[in-house]
1. Given the criterion of a type outside the set (A, V, I, L, M, F, W, C), touching a Pro at 6+ places or on another chain (Cβ under 6 Å) and either touching a residue at least 24 places away in the same chain (Cβ under 8 Å) or assigned to a helix (DSSP H, G or I) (or both), identify the matching residue among Arg73, Arg91.
2. Is there a residue being in a loop (DSSP other than H, G, I, E, B), in contact with a Lys or Arg (Cβ under 9 Å, 6 or more places away or on another chain) and surrounded by 19 or more Cβ atoms within 10 Å (Cβ to Cβ) anywhere in segment 52-60?
3. For the condition among the acidic types (Asp, Glu), without any contact (Cβ under 8 Å) to a residue 40 or more places away in the chain and surrounded by fewer than 20 Cβ atoms within 10 Å (Cβ to Cβ), what is the one hit in Glu63, Glu98?
4. I want to confirm something. Restricting to segment 1-17 and keeping residues that are open to solvent by less than 100 Å² (accessible area, probe 1.4 Å) and either at pLDDT below 70 or of a type in the set (Gly, Ala, Ser) (or both), which single residue is nearest to Val96 (Cα to Cα)?
5. Taking only segment 104-144 into account, find how many residues are assigned to a helix (DSSP H, G or I) and either modelled with pLDDT under 85 or open to solvent by 80 Å² or more (accessible area, probe 1.4 Å) (or both).
6. Of all residues in segment 30-48, count the ones that are open to solvent by 30 Å² or more (accessible area, probe 1.4 Å) and part of a helix (DSSP H, G or I).
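The values are calculated or read from the model by the stated rules, or taken from the named source; none is laboratory data. No experiment lies behind these values; they were computed from the predicted model shown. We place every Cβ from the backbone using ideal geometry, glycine too, and count neighbours over all the protein chains shown. Remember, those area values only see protein heavy atoms, side chains included, never the ligands or the DNA or RNA. Shrake-Rupley method; radii C 1.70, N 1.55, O 1.52, S 1.80 Å.
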Amino acid sequence: MPRKRPGALRARQPSRAPRGLPAQRIHGLSLRTSRAIERVERLSDDYYLYPGATDRALRRYREFLSPPGRRPRYPQPSGCDCRGCSFRDVRHARDVLEDVLRQLPPRPRAELSHRVRALDAAYVARTLPDPFAGRRQWRAYLWWRRRLEGGCEGG
């Protein structure tokens, strides 16, 4: 009895979509890290940590630091606590990144941490310390929340 070719056998099997691929790969990170982040986001119970939140937080953090020059930048309070508006405050974006870093496995954590550390250095260089943050800032034990905030939109 003649043998069937492997291609013919594969053609008869139902097609399978690749499992585990993220909906969108995060710019600047490997596919492995993007998958790990997607898994953390998908399994999280946190209201602010949803699929795509890490990518959005990274983009917001970069956007805040992107204007060229040496003028100080001032984080702005968002004024609204919903998922969409909360990212107007760059400190919230950094909170989300910290939550994701805490939950990632070691290798993806190291890769994301490398990217975040570079942004952190720029954040420290472009913002001013707030000596009274301990009295008026929520979660003041986090260093990125101890920076002087602006009083109006546009900072």
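1. None of the other options fit; the residue is Arg91.
2. Scanning segment 52-60, I find no residue that is in a loop (DSSP other than H, G, I, E, B), in contact with a Lys or Arg (Cβ under 9 Å, 6 or more places away or on another chain) and surrounded by 19 or more Cβ atoms within 10 Å (Cβ to Cβ), so the answer is no.
3. Unique residue meeting the criteria: Glu63.
4. Selected residue: Ala17.
5. Selection size over segment 104-144: 12.
6. Looking only at that region, the number is 7.
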